[in-house]
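Nothing in this text is a laboratory measurement; each read-out follows from the coordinates by a stated rule. Only a predicted model underlies this, so the values are computations on that prediction, with no experimental measurement involved. Cβ atoms come from the backbone with ideal geometry, glycine included; neighbour counts cover every protein chain shown.
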Amino acid sequence: MNIDNCKIVELPKITDPRGNLTFIEGGGHIPFDIQRVYYLYDVPGGAERGGHAHKGLHQLIIAMSGSFDVVLDDGKNKKRVHLARSYYALYVCPMIWRELDNFSSGSVCMVLASNKYDESDYYRDYGQFMKNRWGE
Ligand code: TYD
């Protein structure tokens with residue numbers, strides 16, 4: 001799997017003059033079962049998050065409020081994705097190095113994940129990630 005497998009998923013949007021509504025159903029909208037939800041908030045200006053890859057975890061990243069960028073890197077190719085709408089989600093497959101930056105003030109980043117938190121699923125060292133991914 002490489003960064004071409006990481007795609008924007010357009011979620012259903014029920015527009016309503018009282019306020020819009022979006023929903024995500026397990027099995028329906030995303031290619032994994034949701035085991036965990038976490039969110040980043042109160043991110044100070046200029047901060048960077050992420051800076052790791054997962055061995056087996058699938059994730060869906062959504063800008064619930066405000067905006068930020070996700071830089072995806074499979075070791076051969078890189079792409080920067082700007083997330084700014086709560087009905088657009090970014091699916092990130094396993095073995096992708098990701099960095100999150102350019103957070104707007106008050107932004108909230110919600111992540112749906114295919115498994116519970118497990119530190120042994122992380123590559124936190126880019127060199128180690130590259131070695132295990134490409135043998136480099
Ligand atoms: P980390 O995954 O490095 O955050 P980010 O991707 O935003 O840089 O996690 C930061 C800390 O939070 C780390 O000590 C692990 C802990 N953590 C949990 O306990 N549970 C979780 O679900 C997550 C995502 C992190």
Total lysine pairs whose alpha carbons fall under 29 Å of each other in the chain (8 or more apart, or interchain)
20
Most exposed first, judged by fewest Cβ atoms within 10 angstrom, His82, His58 run His82, His58
Sites Ala84 and Lys131, calculated FRET efficiency, Cβ-Cβ separation with R0 35 Å, nearest 0.05:
0.50
So what are the ³J(HN,Hα) numbers for segment 32-46, from phi and the Karplus equation (6.51, -1.76, 1.60; θ = phi - 60°), rounded to whole Hz, Gly and Pro as x?
7, 8, 7, 10, 7, 10, 9, 9, 9, 8, 6, 7, x, x, x
Starting at the first residue of segment 16-29, write each ³J(HN,Hα) from the Karplus equation 6.51 cos²θ - 1.76 cosθ + 1.60 with θ = phi - 60°, in whole Hz, x for Gly and Pro.
7, x, 7, x, 7, 9, 10, 9, 10, 10, x, x, x, 9
Please list the non-local residues whose amide H lies under 5 Å from the amide H of Ser65, H modeled 1.01 Å from N, same-chain partners needing a gap of 5 or more.
Val108
Modelled label reach - Arg124, point 7 Å along Cα→Cβ, segment 34-65 residues with backbone N closer than 15 Å
49-55
Given the chain, report the % of alpha carbon pairs whose separation exceeds 17 Å.
59 percent
Which far-off residues, 5 or more places away or on another chain, put their amide H under 5 Å from the one on Arg36, with H placed in the peptide plane?
Ala113, Asn115
DSSP loop trypsin sites (Lys or Arg not before Pro) with at most 12 other Cβ within 10 Å excluded, longest remaining stretch of the chain:
19-75
Relative contact order computed over the chain (Cα-Cα under 8 Å; 6+ residues apart), in percent
34 percent
